[in-house]
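What follows is a short report on a single structure.
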Amino acid sequence: MTISIQQDALIRREAARTAAPALERRDVTTELGPVTVRVQQGMQPTSSEATVYLHGAAGSWTTFSPLLSKVPDVDRVLIDLPGWGESTAGVRPEDLSAETMGRAVVGILDSLGYRRWNLVGHSLGGFLTLHLAAKWPDRVASVAAISATTFAVAEAARGPLRSLSGVPALVGMLLAMRSMAALGASGSALIRATGTTPLMGLVLSPLFADPSAVPRQVIRGLASDARPASFAAAVRAAADYDFGLWRAIRCPVLATRGDSDVFTPASDLSRLVGLVPHAWLETIPHCGHFANIEQPAFLQRLLDGPRTA
């Protein structure tokens, strides 16, 4: 088939129109310290609404990379939470809590001019999206909590040995991170060094339904992003959290977990839907804890679907 010059020009223009724009880096000062943010412009650049991505305690904004290939309707905002990624300078782990991190996120979005938010959070980020929706209900339009770490994590933080039989992988990760945090900078360096070896793939294998299909660069990235002290602090914060606050959530909430998820048991989602008024559940097949890595197309369809319970 021969393509004319005019058809070729149309194809190129359409490709340029549908290609996602580059991420712009912003640095924002918060009460916890300077925070690094990436912004991807949407098709409505003057909108005061944004889709905000909050990563988990074992990652950074980069774990959402598989979801960023298409042009968004409104701006995407990807935050390296205080204590993780490129937002570690000056952050004291003992200051990290749902309340302080929530205020930091709100301050960032206010400084960038976004008044209304669709929140997408993974793991710890999912927990934080629910906190934001409860405390700032007039600002949050919707929540997608991807394998949010909630009740099981709180119980494991309060009594790791009691939780060992129910969520052994979670307890193992918690104890390992606490041990690495006690080593300070040496603990983080040890994890990064291990990330370059096959051993790290074995250590992280419980997080994935099919560990052999996870690219090596993903494993290395997770090891590089490990922040043991921040991880341990986030788990401590969950231990004392008042989950009853979530009864105040007014927006629709999509809550997902992978069918092989060892960090977010099915019982967590059942408890969540009983607590949050407008929540509905989705179990993602052939998936562990990282749907944004293992099943990004399936997850994107859920995110693109109707935001109603």
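The values are calculated or read from the model by the stated rules, or taken from the named source; none is laboratory data. None of these values were measured; they are calculated from a predicted model. Cβ: placed from backbone, ideal geometry, glycine included. Neighbour counts: every protein chain shown. For accessibility, only protein heavy atoms count, side chains too; no ligands or nucleic acids. Shrake-Rupley method; radii C 1.70, N 1.55, O 1.52, S 1.80 Å.
Here are a few things to note about the model shown:
- The charge dipole of the stretch 61-207, taken about its Cα centre with unit charges on the Cβ atoms of Lys, Arg (+1), Asp and Glu (-1) only, comes to about 180 debye.
- 12 Å beta-carbon shell around ASP80, net charge (K/R +1, D/E -1): +1
- Most mobile of SER188, SER47, SER142 in a GNM of the chain (Cα contacts under 10 Å): SER47
- To put it simply, the accessible area of the stretch 106-250 at a 1.4 Å probe is 59 percent carbon and sulfur.
- In the stretch 128-235, taking the dipole from charged Cβ atoms about the Cα centre, the farthest positive-side position among ALA182, ALA223, TRP136 is held by ALA182.
- Computed E for GLU86/ASP304 - FRET, C-beta separation, R0 22 angstrom, nearest 0.05: 0.15
- Electrostatic bookkeeping for GLY159 treats Lys and Arg as +1 and Asp and Glu as -1; over the other residues with beta carbon under 15 Å from its beta carbon, the sum is +2.
- Under a model in which nothing but the beta-carbon of Lys, Arg (+1) and Asp, Glu (-1) is charged, the stretch 193-290 shows a dipole of about 200 debye around its Cα centre.
- Dipole orientation for the stretch 254-309: of the candidates PRO277, PHE298, ALA266, PRO277 has the Cα lying most toward the positive pole (charges on Cβ; Lys, Arg +1; Asp, Glu -1).
- Bridge type composition, the chain - antiparallel percent by DSSP, nearest 5: 30 percent
- Span from the the stretch 249-286 Cα centroid across to the the stretch 219-246 one, whole angstrom: 19 Å
- Report summary: the helix-based calculation at 222 nm, which adds -39500 (n - 2.57) for every DSSP H run with n ≥ 4 and divides by the residues of the chain, gives -12500 deg cm²/dmol.
- Only Lys, Arg, Asp and Glu carry charge here, each on its Cβ (+1 for the first two, -1 for the last two); on that basis the chain has a dipole of about 60 debye about its Cα centre.
- Surface accessible to a 1.4 Å probe, THR197 within the full protein complex, Å²: 50 Å²
- A probe of 1.4 angstrom, applied to the heavy atoms of all protein chains, finds TYR241 with accessible area near 30 square angstrom.
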